[in-house]
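Step one of this worksheet: look at the structure below.
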Amino acid sequence: MVFQKEQLDNKMTVEDCFEMLDVAGKWGCYINHNRNRVLCNKSFTTMVDSESELTVGTWLRFFSKKDQSILKVRMENPINQEDFYIRVYDNQQQFNWVKTSLKIVQEGVFIIGDVPDNIIDDDTNEPVELKQNYANQNVDHFMTWLSLIDQEMVSTKPELEPQVDVLERFKGDQHIKRIMDEIPHGFSVLGDDWRIRYMNPTLEKIVGRRLDDLYQKSLWTVYPIEQYQDMYSKLKEAFETQEVMKIEQYVSDIGKTIEFTVFPNGDEMTLFIQDLTEVRLYTRALQETEERFSLLAENVNEAFWITTSDFETWEYMSPSFEKIFEMSTDKVYKEKDLWLQGVHEEDRDEVNSAFLFMRYQKVAVEYRFQMNNGDWKWIRSKGYPLQKGDKSIVVGVHEDITSLKEKDELQARTKQNETALRVAAGIAHEIRNPLTSIKGFMQLMMSNQMDVQKYSEIIFSELSRIETIVNEFMLLAKPTQKTELEETDVHDIMIYVTSLFKNQIEGQDIELFQNFDPSLPQCLSDPKRLKQIFINLVKNAVEAMEDGGSLTVKSEYIQQDSSLRFTVSDTGKGIEQEKLQRIGEPFFTTKEKGTGLGVMVTNKFVESLDGQIHYESEIGKGTSVIVTLPIKPI
């Protein structure tokens, strides 16, 4: 390819640069605006799965849309700039953060990049390098620059006399000097006499000393051997073995942690120097954060977990997972649905549905899970979606709530027992009174001390009261039976019930107001239970107005949540707030001869129809009962 043979300067072609970058494991692209063409090395084409020669427009599509404008601006204003980050699609159509640098050449620009392992800061959306891998990444940089320098030095050395100094050699070749000035790492050359023969501007900044001050001085004059014995031993070993070596040393004189990559070459030694002070601080902070998280994850009862948004891969499960589920996390990592097999069969569909919705919103689900010994635990799982850069994940916790469930069941049983005791006491009280009356009158009748006809009405009245109490208990038990739904016109039932009380309403001088919503549709319901609900409510309202008043029966169609709301209101004397809160308790009543069972029956019927009932009252103004029922379409 002719374009690939293009000279970048008097010594190197695009192809030469591509070869060096491929060897160093870097991708590179040469952009020639005059030809609207981009040449890419093998590392880039493999990474993104593309051709080696592209148009500028096609080439830009391999980068994030958010970063394409950045690239255009930098290419249209080609000045050597600091490294910058961009996102590039790989051959799996996943984004990778890429640290890149831009270099000016004759007719265009060269963009060179590598792909470090990065994490993205959620607050700033900026890449934060994993410091643990930073040193390895920079070794690749060292090797790249070393290749460039070695190539230049090899081509230059034959033209120089052996006595020419290294510093003069660098100054004499502008190409090498430019490389030295732009290299992002410290660079130095030592002689076998330990004298400092060269150091680039970057190294001057790192050590805070100028080459003019240190030139031809012994390294150990600047940094005494007795203070840096370990560094001396390793550098000496490198000279003797002529092997590449890496040394990390804390230099107390400048308060920095320095990494030396040493390349011996006969009677000279080339050193690449990296300031790792901030890297080590970040690494230490990251390790401390990981330790704190591990300590937390291992000592709480909840199990933390992270999964991909499609739930195909579990990315993390805290150690508590094994304690809760008695299942190896290694097995679950390999078989993603293994834990689901332990979920109770009746709960499995609900669990699947809940986890599906966790992709979009925060969801919690409770279910039973079978342990290895056959026992069942109650588990609560909560999860919610999280966006990490361009990646969607779901995070959540599993919690063992068996003890909470057992506590709730115990409280429910205790409440049931208390209710049963109150009911038993109420039944005994309500039935004993009429039985006592009946017993007394029967004794008088048997002793012929009274007129049988005169008191027989009282006996039958007391028997009727007992019968009423028993019937109300029978009604109270019926809501446990299956609800039989059929097509129902609620307005017909309301009109029918008010007609039953017509004589009583007129006799007590009560004014009736009926306000029905004409938009209320027919629906599926249980007309028998609806009728009993209306009878109880209207009966209570009428009985509360012995001296007359107003009775209002109202219906409303609530379209937003597709429900029916009807209200029965009276203008009686009202109920005190303390007593209003007790409405619905067994045998609690505000009537002189009431049992309280009628309200219980009403509440139970409303509950059986998936509805709600609400009482409002004010002393001197009256009482309103509001019933809301879902409308089930026919």
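The values are calculated or read from the model by the stated rules, or taken from the named source; none is laboratory data. For clarity, every value in this text was computed on a predicted model and none was experimentally measured. A quick note on method: Cβ atoms are made from the backbone with ideal geometry, for glycine too, and the neighbour counts reach across all protein chains shown. To get the accessible areas, we keep the full protein, side chains included, count just its heavy atoms, and leave off ligands, DNA and RNA. Shrake-Rupley method; radii C 1.70, N 1.55, O 1.52, S 1.80 Å.
Taking first residues from region 29-58 that are under 16 Å from V109 (Cβ atoms) and in a helix (DSSP H, G or I) and partners that are open to solvent by 20 Å² or more (accessible area, probe 1.4 Å) and of a type in the set (S, T, N, Q), the Cβ contacts under 6 Å between residues at least 6 apart in sequence or on separate chains come to V56/N36. Being assigned to a helix (DSSP H, G or I) and over 22 Å from K604 (Cα atoms) holds for only one residue in N536, N503, N540, and it is N503.
Taking the criterion of being open to solvent by 40 Å² or more (accessible area, probe 1.4 Å) and modelled with pLDDT under 85, would at least one residue in region 45-67 satisfy it? Yes, there is a match, as at least one residue in region 45-67 is open to solvent by 40 Å² or more (accessible area, probe 1.4 Å) and modelled with pLDDT under 85. Counting only residues that are modelled with pLDDT of 70 or more, part of a helix (DSSP H, G or I), of a type outside the set (F, W, Y) and farther than 18 Å from M545 by Cβ, region 471-498 holds 6 of them.
If the requirement is being touching a Leu at 6+ places or on another chain (Cβ under 7 Å), modelled with pLDDT of 80 or more and closer than 25 Å to Q92 by Cβ, which of these qualifies: L71, L21, L39? First the steps, then the outcome.
Details: L21 fails: touching a Leu at 6+ places or on another chain (Cβ under 7 Å); L39 fails: touching a Leu at 6+ places or on another chain (Cβ under 7 Å).
Checking each option against the conditions leaves just L71.
Candidates are the residues of region 201-217 that are surrounded by 15 or more Cβ atoms within 10 Å (Cβ to Cβ) and out of contact with any Asp or Glu (no Cβ under 7 Å at 6 or more places or on another chain); the one that is farthest from K103 (Cα to Cα) is L214.
Within region 597-631, the set of residues being open to solvent by 70 Å² or more (accessible area, probe 1.4 Å) and part of a strand (DSSP E or B) comprises Q612, H614, E616, E618.
From L520, L524, L551, grab the single residue that is farther than 30 Å from G620 by Cα, of a type in the set (A, V, I, L, M, F, W, C) and open to solvent by less than 50 Å² (accessible area, probe 1.4 Å). Reasoning before the result, please.
Working: L524 fails: open to solvent by less than 50 Å² (accessible area, probe 1.4 Å); L551 fails: farther than 30 Å from G620 by Cα.
Only one candidate qualifies: L520.
On inspection, K502 passes the criterion of being modelled with pLDDT of 70 or more, open to solvent by 60 Å² or more (accessible area, probe 1.4 Å) and within 15 Å of V538 (Cβ to Cβ). Candidates in region 325-363 are the residues that are in contact with a Gly (Cβ under 8 Å, 6 or more places away or on another chain) and open to solvent by 20 Å² or more (accessible area, probe 1.4 Å); of these, the one that is farthest from E406 (Cα to Cα) is K362. Hey, could you check region 376-408 for residues that are more than 25 Å from the chain's Cα centre (by Cα) and open to solvent by 90 Å² or more (accessible area, probe 1.4 Å) and say which is modelled with the highest pLDDT? That would be W376.
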